[in-house]
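One structure is given here, and the rest of the page talks about it.
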Ligand SMILES: *Cc1c(COP(=O)(O)O)cnc(C)c1O
């Protein structure tokens, strides 16, 4: 299957999931996750009209996106992987949205660095809905309070919540929890659902689905 065909299938599945959902979110964005893929195949996806992309590493994104962005108008690049303090200035320069705000320290660093350059990407707070020790994210119990802290103390533009459910669990309860927390926090954005479960996420109110391998094919990390 070509990436063109894959993208078309994903778009059709999204429309189907939207029309089947009880309360689909009005705005639903497809974030095409291009990590590990080269500029050539990413350009093919851009040529199909896709404009929103996700990358999980700052350094990898720096190697391909400055040129892709300069060649293509209206690209919106999302950072969906963990952010280190020493990469924050680089991330603010390249990314339009950061979905992985996951601790107080990084929130403070984003506030400080964005004040220096006079702009800040839109931000999502990552919630560790499965309370997995190896995974980044604020615990569900502290998520609403953390959003308030980021907004009130740091004046950060938090627009939503993001989660990555445990790989070996039914994602439904995690998606439902994220939706509930976003509502409690008064946030519109809900980033959830990947290649294996974006239709479920849409049924449960996702505003952003992050789909990689279903568009680009299986990843090769070697
Ligand atoms: C890689 C990745 C995705 C996309 O995963 P696929 O299963 O390839 O769709 C989504 N979200 C995050 C945070 C990722 O790192």
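A few comments on the model shown:
- Failed criterion for residue 100 (all others in (1) out of contact with any helix residue (DSSP H, G or I) (no Cβ under 6 Å at 6 or more places or on another chain); (2) closer than 25 Å to residue 67 by Cα; (3) assigned to a helix (DSSP H, G or I) hold): (3)
- Each residue in the stretch 190-221 was checked for being touching a helix residue (DSSP H, G or I) at 6+ places or on another chain (Cβ under 9 Å), near the ligand (Cβ under 8 Å from one of its atoms) and part of a loop (DSSP other than H, G, I, E, B), and 4 of them qualify.
- Residue that is surrounded by the fewest Cβ atoms within 10 Å (Cβ to Cβ), among those in the stretch 37-51 that are without any contact (Cβ under 8 Å) to a residue 40 or more places away in the chain and not in a loop (DSSP other than H, G, I, E, B): 40
- Members of the stretch 128-152 found to be within 21 Å of residue 202 (Cα to Cα) and in a helix (DSSP H, G or I), listed by number: 140
- Test result for residue 125, in contact (Cβ under 8 Å) with a residue 24 or more places away in the chain, within 22 Å of residue 25 (Cα to Cα) and in a helix (DSSP H, G or I): no
- Screening residue 18 on (1) part of a helix (DSSP H, G or I); (2) away from the ligand (no atom under 16 Å from the Cβ); (3) surrounded by 18 or more Cβ atoms within 10 Å (Cβ to Cβ) shows it passes everything except condition (3).
- The stretch 179-222: number of residues that are free of Cβ contacts under 8 Å to residues at least 24 places away in the same chain, crowded, with 20+ Cβ neighbours inside 10 Å and closer than 24 Å to residue 43 by Cα: 1
- Qualifying residue in the stretch 153-170 (condition: assigned to a helix (DSSP H, G or I) and either more than 11 Å from the ligand (Cβ to nearest atom) or modelled with pLDDT of 95 or more (or both)): no
- Identity of the residue in the stretch 24-36, closer than 14 Å to residue 209 by Cβ and assigned to a loop (DSSP other than H, G, I, E, B), that ends up nearest to the ligand (Cβ to nearest atom): 28
Let's see how each residue does on (1) closer than 25 Å to residue 192 by Cβ; (2) more than 16 Å from the ligand (Cβ to nearest atom):
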| site | (1), (2) |
| --- | --- |
| 74 | yes, yes |
| 81 | yes, no |
| 95 | yes, no |
| 115 | no, yes |
| 119 | no, yes |
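- When residue 66 is tested against (1) within 12 Å of the ligand (Cβ to nearest atom); (2) more than 12 Å from the chain's Cα centre (by Cα), only condition (1) is not met.
- If the condition is being surrounded by fewer than 24 Cβ atoms within 10 Å (Cβ to Cβ) and either in contact with a helix residue (DSSP H, G or I) (Cβ under 9 Å, 6 or more places away or on another chain) or at positive phi (or both), then the stretch 153-163 contributes 153, 154, 155, 156, 157, 158, 160.
The values are calculated or read from the model by the stated rules, or taken from the named source; none is laboratory data. Keep in mind that this is a model prediction, so the values were computed, not measured. Reconstructed Cβ throughout: ideal geometry from the backbone, glycine too, with neighbour counts over all protein chains shown.
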